[in-house]
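For reference, the structure is listed below as structure tokens.
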Amino acid sequence: MKLHRALLLAAIPLACLQLPQPAIATAETPTSQSDQTTENGYHRRWWKEAVVYQIYPRSFQDSNGDGIGDLKGITTRLDYLKKLGINVIWLSPHYDSPNADNGYDIRNYRKVMAEFGTMDDFDALLKAVKQRHMKLVLDLVVNHSSDEHQWFVESRKSKDNPYRDYYIWRPGKDGKATNNWTSFFSGSAWKLDAATGEYYLHYFAEKQPDLNWENPKLRSEVYDLMKFWLDKGVDGFRMDVIPFISKDQSFSDLTTSQLAHPEFKFAMGPRLHEYLQEMNAKVLSKYDVMTVGEAFGVTLDQTPSLVDERRNELNMVFNFSAVRLDQDNGVARHWTIPELKAIYSEQDQKLNNHSWNTIFLSNHDNPRLVSSFGDDSSTFRVPSAKLLATMLFTLKGTPFVYQGDELGMTNYPFKGIDDFDDIQVRNEWNAKVIPGKLSKETFIANISKTGRDNARTPMQWDNSPHAGFTSGDKTWLAVNPNYAEINAAQEAADPNSVYHYYQQMIALRAKTPALIYGDFKDLDPNSATIFAYTRKLGKASYLVVLNFSAMPADYSLPSRIRAGHLVIGNLASHEKGGKTLQLAPWEARVYKQ
Ligand code: TEU
Ligand code: CA
């Protein structure tokens, strides 16, 4: 009886996420769901029921013709996002930055990047987001700052400067760096600074010195800047490489095998939980916000320790296991469907109903979704992009859509090093190709598959010059030449487009509690090409069948499983749900059982 009532109550605010918003919309009353528990024991939260859309501001929409996306540009495109059905926008860094790493190197945490506009533009954007009953989540980049941040400018001046301990300084050893730690952007993670003759630590670029979280003053500065933005009304943070903030104070050398993946040594440092709990107590617990940590270097076993709600640390994390299946340390690798399925099953098994997951297979650091996990050939781009959407919106976890993936945008046809902007690529070229350790051809062939700039090319809005991204005569990074066929205007006009399919899937998820909270079960972990799973909540049961292949398949459902009634599919299939499903290449179906 009690369970039935819970489900009935549960159905009401879910619909509100999707339908034209009445006054009680989620934006104003996000806590209204918090006293509800699903039949399988999840606490309902708005951020579990939301679909998040990531905007990379530099590449979303330019409003003033300088070829660089900006905040005003984003504001003009909010109706596009509202129509898509998304609830939350995650904005990649919009703060003042010299752009060594496109804003992930922050010079002033309380100022807007001049290229992106002004604080008034930010306030107008936030207001416009709220007016549409959407939410805005910011990128919090506090493992490191820019070397041009005032703290670092002071810190490097002298050993007794009051800001010295805001960063991590160590003397060298035998005329060399303190230890053998490497940077993710090539070379040593230590840089000698002439003023004091000491080295500072930088896990990323030299212009991204790591902050010293051991220093309580630094921590309190971070909490203050978080409050600055939260008090403006933002709805949470995506936290950049947050598991790296606590450093092992022994600073001992890594072994050769550890150096192959230093992220696993840098993540989950000794005081990480303490810092996150302090941040939660001092800041996050005072607001109704969402947090998602970028969990680079965190294993699936470690994940619950960051997201179990009883620990008061983070709401969810981005685990890298699935998104990096297609590469090993930047080197493209062959991956299989059973591997992908095993990751999702493992994630599900390791997280109980006190924890919550994210579902994502792309972002600004990874190649395009359809190019890595689907098939971006002209024959299969559309069905495979839709199959991936079917999966993203029916797995258990909050789905994250990266800008342009809802159009099925593809990787860029890179020809040479000059086509790249990314500091990671340019540093690696200088470290490997210039000294002759790697051929130019091998480098470009690999980086074309794995490189981050694939995802950073401007949004393709229409078929006008520069894809409608800018009215100017140049763009900061070239537009993908396929914009004439792949663009938002064309897809808005085509009822069978990838865009419309995303819209339908998002709407389906929003009104279907079982697709959000329902128990997940992989029906056939060993199948080499089919991913078939159920989602069950109370009496509701859904079956998802995905044919990850360019070949058709006659797929026999495991015993005791019946397909049921087709709710949505990516191809016009009229087949009744029998025991054997005849699936076309890249066909995806969702049945209500
Ligand atoms: O990325 C973290 C990260 O370590 C990787 O995703 C990184 O891009 C690279 O692939 C490591 O090999 C975050 C941001 O998302 C990324 O854009 C920044 O460059 C990085 O942190 C530094 O802030
Ligand atoms: Ca601009």
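Each value in this text was obtained by applying a stated rule to the coordinates, not by laboratory testing. Since this is a predicted model, take the numbers as computed values, not measurements. When we count neighbours, we look across all protein chains shown, and the Cβ atoms used for this are built from the backbone with ideal geometry, even at glycine.
Things to note:
- The P(r) of the stretch 404-525 has a tail past 23 Å containing 51 percent of all C-alpha pairs.
- Sparse-neighbour loop sites [trypsin sites (Lys or Arg not before Pro); the stretch 501-593; at most 16 other C-beta within 10 Å; DSSP]: K511, K539, R560, R562, K576, K579
- Sparse-neighbour loop sites [trypsin sites (Lys or Arg not before Pro); the stretch 323-409; at most 12 other C-beta within 10 Å; DSSP]: R333
- 12 Å beta-carbon shell around I89, net charge (K/R +1, D/E -1): +4
- Taking the C-alpha atoms of the stretch 150-201, convex hull volume expressed per residue in Å³: 79
- Pairs from K72/K415; K207/K440; K191/K247; K386/K521; K159/K207; K386/K474 whose Cα-Cα separation, in the structure shown, is over 23 Å: K72/K415; K207/K440; K386/K474
- Relative packing of 154-160, 242-248, which averages over residues the other C-beta atoms within 10 Å, highest first: 242-248, 154-160
- Rounded tilt (10° steps) of 2-18 against the dominant C-alpha axis of the chain: 70
- Helix 119-131 and the longest principal axis of the Cα set of the chain meet at an angle near 20°.
- Share of pairwise Cα separations in the stretch 134-175, more than 17 Å, in percent: 47
- Its residues counted as N, the chain yields a C-alpha radius of gyration over 2.2 N^0.38 Å of 0.95.
- For the chain, the longest principal axis of the alpha carbon atoms and the long axis of helix 498-510 meet at an angle near 80°.
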